[in-house]
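Report on one structure; see the data block that follows.
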Amino acid sequence: MKIPDFKQHIAMLLVGLLYGTNYSIVKIITPEYILPFGLIVIRVAIATACFWLIGLSVNEKINWRADWVRIVLCAFFGVGINMLFFFKGVSLTTAINGSIIMTLTPVMVFVTSLILLKEKVTLLKVLGLAVGFLGAFLIIYSPGTGISLGNWRGDVLILLNAMSYGVYLVLVKPLMTRYTPISVAKWIFFFGFLLVLPVGWNEFTQIEWQALTAKVYFSMAFVIIGVTVIVYVLNIWALKKVNPSTVGVYIYVQPVFATLIASTFFGEILSIRHLIAALLVFAGVWLVVKRG
């Protein structure tokens, strides 16, 4: 791996850390205090406002005639379908099912890249995807209990979410050759907000604001600023230097960080199986990003 790529990979590791933490933090908010779609409305609305405030310092014009379709599609796949299907799917199926299906995202990214970007297929990339998937599976799967069947509707929604995010990572890549990350993010979230608002409005109006505690507000700030604003900017920025498959494979590190955080701060047991799985995940990432 060449030195100039180092910062991009640190950024993607940070994204994995934030997402991994999010699995524990988001449970503080939903569904006890705020229903999933209502939380999405808040999340996208505030994130959109943040991107536009930051964007005031970036004087950049968008070539709408050439790029409006791609920007709207990025909003549809990267914000609308991605967030709505994931939250709804998790509410219907088991956490084990959802986590396993989500690790298919790098495969979706790779397949979409082959079709749309003609990305080169190499043995190391295929091997890295397989090794990373095995590591993520070992973390999520509990040998003593097996995999719950869950609800097939939720499983389908999670699968569609994984496909949607994979398509988004590929679609947004060409925009990064022409615009800054903030310019791209502010328009993607603007159109994304228009998509999620009518879907989540009913649950948003049901929020009992007086019942929200300081802990809930802090958790919401983490989800909105950390797991939305910072994550989307880092992902888009990283796509300037690396291909979508590399960004996609870093999804495998999320269950690693989620397990480490849960064992450190929430009393869950860290086993040898988890450590072996973590080594497999990072080995898979290394194989995908490794250069000839």
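Quick look at the values:
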quantity	calculated
Of Lys27/Lys186; Lys7/Lys61; Lys215/Lys241; Lys7/Lys120; Lys88/Lys215, those spanning more than 32 Å from alpha-carbon to alpha-carbon	Lys215/Lys241
With DNA, RNA and ligands ignored, accessible area of Asp155 (1.4 Å probe; Å², nearest 10)	30
Efficiency of FRET between Phe218 and Val58 - r from beta-carbon atoms, R0 35 angstrom, step 0.05	0.75
Relative counts (whole %) of C-alpha pair distances in segment 1-83, using bins that are 5 Å wide	3, 10, 11, 17, 21, 17, 12, 6, 2, 0
Pairwise centroid distance, computed over Cα atoms, of segment 1-73 with segment 225-246, Å	8
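The values are calculated or read from the model by the stated rules, or taken from the named source; none is laboratory data. Bear in mind the structure is a predicted one, so any value in this text is a computation, not a measurement. Quick reminder, even Gly has a Cβ in these numbers, built from the backbone with ideal geometry, and neighbours come from all protein chains shown. These accessible areas exclude ligands, DNA and RNA; they are computed on the full protein's heavy atoms, side chains included. Shrake-Rupley method; radii C 1.70, N 1.55, O 1.52, S 1.80 Å.
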